[in-house]
1. Please list, ordered by chain and number, the residues whose modelled amide H lies under 5 Å from the amide H of E19; skip anything fewer than 5 residues away on the same chain.
2. Hey, what angle do you get for helix 297-310 against the long axis of the chain, alpha-carbon based, 0 to 90 degrees rounded to 10?
3. Using the Karplus curve 6.51 cos²θ - 1.76 cosθ + 1.60 with θ = phi - 60°, what ³J(HN,Hα) values do you get for each residue of the stretch 331-347, in whole Hz, with x for Gly and Pro?
4. Work out, in µm²/s and without decimals, the Stokes-Einstein translational diffusion coefficient of the stretch 231-373 at 4 °C, 1.567 mPa s, Rh from Kirkwood over C-alpha pairs.
5. Output the relative contact order of the stretch 83-193, whole-number percent, from Cα pairs under 8 angstrom with separation of 6+ residues.
6. Counting Lys +1, Arg +1, Asp -1, Glu -1, what net charge surrounds T129 among other residues with beta carbon under 11 Å of its beta carbon?
7. To the nearest 10 Å², what's K143's accessible area with a 1.4 Å probe?
8. Can you give the relative contact order of the stretch 232-373 as a percent, counting alpha carbon pairs under 8 Å and 6+ residues apart?
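The values are calculated or read from the model by the stated rules, or taken from the named source; none is laboratory data. These numbers were taken from a predicted model, which means no experiment stands behind them. Ideal geometry is used to build each Cβ from the backbone, glycine not excepted, and the neighbour counts take in all protein chains shown. Only protein heavy atoms, including side chains, enter the accessible area calculation; ligands, DNA and RNA are left aside. Shrake-Rupley method; radii C 1.70, N 1.55, O 1.52, S 1.80 Å.
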Amino acid sequence: MDYLQQLTLHRRELHKIPEVNRELPKTKAYLRSVLDTLDCEITEVMESGLCAYFDRGRETTTAYRADMDALPVTEVNTHDYISCHEGNMHACGHDAHMAMVLALAQYVDTQKDLPCNVLCVFQPAEETTGGAKEICETGVLEKYNVNRIFGIHMWPFAEAGSISSKPGPMMPRSSEITIEVFGRSSHATAPEKGIDALYIGCRYIEQVYEKHRHLTPPNPSPEERTIIQICKMESGTARNVISGYSDLLGTMRAFSDTDFAKLVGILEDTAVDLSKQYQCRIEALHSEGYPPVVNNPELYQQILPSLRQALNYQEMETPAMISEDYSFYGLRVPSVFFFLGTGTGIALHSNNFDFDETVLLQGLELYKTLLNA
């Protein structure tokens, strides 16, 4: 089989039909059109998700995960396989992730003597509600006695075709921040009658950043790095009316529960202090987010010799600061996550995201190597 041809075909066909969240009928249908031709047991999960199990008579199973959902992004590329769904685009490489696991399934179908059984997991809702958690809760990993799991994410800022990862923390826990300041509106000529939610919102941002600066230890290690950032603020209704309400949106990142709790403490303590000072109400809310992606150190050391021998492998010096719901799998079974370099420098979630599909061969080779590592 010409695997580059298959990888390119899968990626482009999936790229043309991007669907978001968990409503993925065309994506699911394409995956099934390939998997139904293979000698595997197919389990449907989360309505639009699929798991394909290849029984090789072994006690344990190695799993591979691909996320399926796209983003609500309008594509600006002009190639002949652009999105046919206006307003949606595979701008984060999930089409490539599916193509590699689908090609792996085709390869495994030809290999009857493997040291493990294989489970290919196609997961919805990575970009939205954390579909990985729901997949884990179905019990499918236990059903097929999965003892390790691997995944790949396309990475624009590494050499094309390079594979990279690291032991231990690889991506932080993430959380979305929503801060609401409830003041009192008044005319600008009578400020004593109002409670300026715009001003208080600015003070909130200033104090949060200052507290975070003092929280950060001198010369922090990469795993001690934290982020707390307010990125959007809306306030006020007119140029001559004091704002009665401010809405602040932002994000947080931390590699440990302890550091995450400290960030939450900064948000909540600042809200309490300013509420008392300005006689207003401030609500500081945050999502639970995804846990950090932590690569199992023992599994990493087990596979490392094979990675170095068979692939263009580069160990990461520092973790990445993006987040991924792949972390939920690592809470169930030993896992290692990888980056596959595209070399383009085009950031994830960009409306012109693209890459040379020949790099997908390296991803497939990684997955094949891990079968025997």
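1. Answer set, sorted by chain and number: A70.
2. 60
3. So the Karplus estimates, Gly and Pro as x, are 7, 9, 9, x, 9, 9, 10, 10, 9, 10, x, 9, x, 8, x, 7, 5 Hz.
4. The Stokes-Einstein estimate is 66 µm²/s.
5. 23
6. With Lys, Arg at +1 and Asp, Glu at -1, the neighbours total -3.
7. 120
8. Reported relative contact order: 19 percent.
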